[in-house]
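The structure appears below as structure tokens.
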Amino acid sequence: MEIPENIQQQLNQFQQLQQQAQAVTMQIQNVEVQIQETEKALEELKKTDENTDVFKQAGTLLIKVEYADALAETEEKLETLQLRKQTMARQEERVMKKLEEMQATIQAAMQGMGQ
């Protein structure tokens, strides 16, 4: 039995949404790694004395920066990453909800066909 065009389109959209969900999940994992690295850098920075020379990476170079600037920049980076993670988590939640809705719709349509 052949699948009607409208159900086939829904299946295609469902697959695209699954791919989008996977991409968002991978992005969240990437941001989580960046958060962990930034937290570790911040922890190490806070362990050092304010008079210690601090360097930051700029491409292939290390550039000397003021301790206070490095601390502020690292804290800001951490905050930005955490906000990005929250935004992505909300996006992931919306995509997963849409996937569940589409799955229910497709299953109902398929059952209506007697499959």
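The values are calculated or read from the model by the stated rules, or taken from the named source; none is laboratory data. Quick caveat, the model's predicted, so the values are computed rather than measured. Because the Cβ atoms are built from the backbone with ideal geometry, glycine has one as well, and the counts that use them run over all protein chains shown. For the accessible areas, the whole protein counts, side chains as well, though only heavy atoms, and no ligand, DNA or RNA atoms are used. Shrake-Rupley method; radii C 1.70, N 1.55, O 1.52, S 1.80 Å.
Obtain the nm distance between the two label points defined at residue 100 and residue 67 by a simple spin-label model: each point lies 7 Å from its Cα along the Cα-to-C-beta direction.
The answer from the label model is 5.1 nm.
So what J values fall out for the range 104-112 if you push phi through Karplus, 6.51 cos²θ - 1.76 cosθ + 1.60 with θ = phi - 60°, rounded to Hz, Gly and Pro as x?
Ordered by residue, 3J(HN,Hα) equals 4, 5, 5, 5, 5, 5, 5, 5, x Hz.
Taking θ as phi - 60°, what are the ³J(HN,Hα) couplings along the range 91-97 by the Karplus curve (6.51, -1.76, 1.60), each to the nearest whole Hz, with x for Gly and Pro?
5, 4, 4, 5, 5, 5, 5
Expressed as an acute angle from 0 to 90° and rounded to the nearest 10, what is the orientation of the C-alpha long axis of helix 5-47 relative to the principal long axis of the chain?
Approximately 10 degrees, to the nearest 10.
For residue 3 and residue 16 in the same chain, what is the full-extension length gain: residue separation times 0.36 nm, less their Cα-Cα distance, in nm?
So the chain would gain 2.9 nm between residue 3 and residue 16.
From the Cα gyration tensor of the range 1-103, with a ≥ b ≥ c the square roots of its eigenvalues, which class applies: rounded if a/c is under 1.5, or else prolate if a/b is larger than b/c, or else oblate?
Details: a/c = 5.45, a/b = 3.61, b/c = 1.51.
It is prolate, given that a/c is not under 1.5 and a/b is the larger ratio.
Let me spell out the model: positive unit charges on the Cβ of Lys and Arg, negative unit charges on the Cβ of Asp and Glu, origin at the Cα centre of the chain. What dipole size does that give, in debye rounded to 20?
380 debye
Set the Förster distance to 30 Å, then compute FRET efficiency between residue 110 and residue 25 from the Cβ-Cβ distance, nearest 0.05. Working shown, then result.
Numbers: r = 27 Å, r/R0 = 0.88.
The calculated FRET efficiency here is 0.70.
With runs of 4+ DSSP H residues as the only contributors, calculate the mean residue ellipticity of the chain at 222 nm using -39,500 (n - 2.57) per run, divided by the residue total and rounded to the nearest 500. Can you show the working numbers first?
Working: 2 runs with 89 residues, N = 115.
Taking each H run of at least 4 residues, the total per residue is -29000 deg cm²/dmol.
Report, by chain and number, residues whose modeled amide H sits under 5 Å from the one on residue 54, excluding near sequence neighbours (fewer than 5 apart, same chain).
Under 5 Å from the amide H of residue 54: 65.
Tell me, what is the per residue accessible area of the chain in Å², probe radius 1.4 Å? Present the calculation step by step, with values, prior to reporting the outcome.
On the way: 8710 Å² over 115 residues.
I get 76 Å² per residue for this part.
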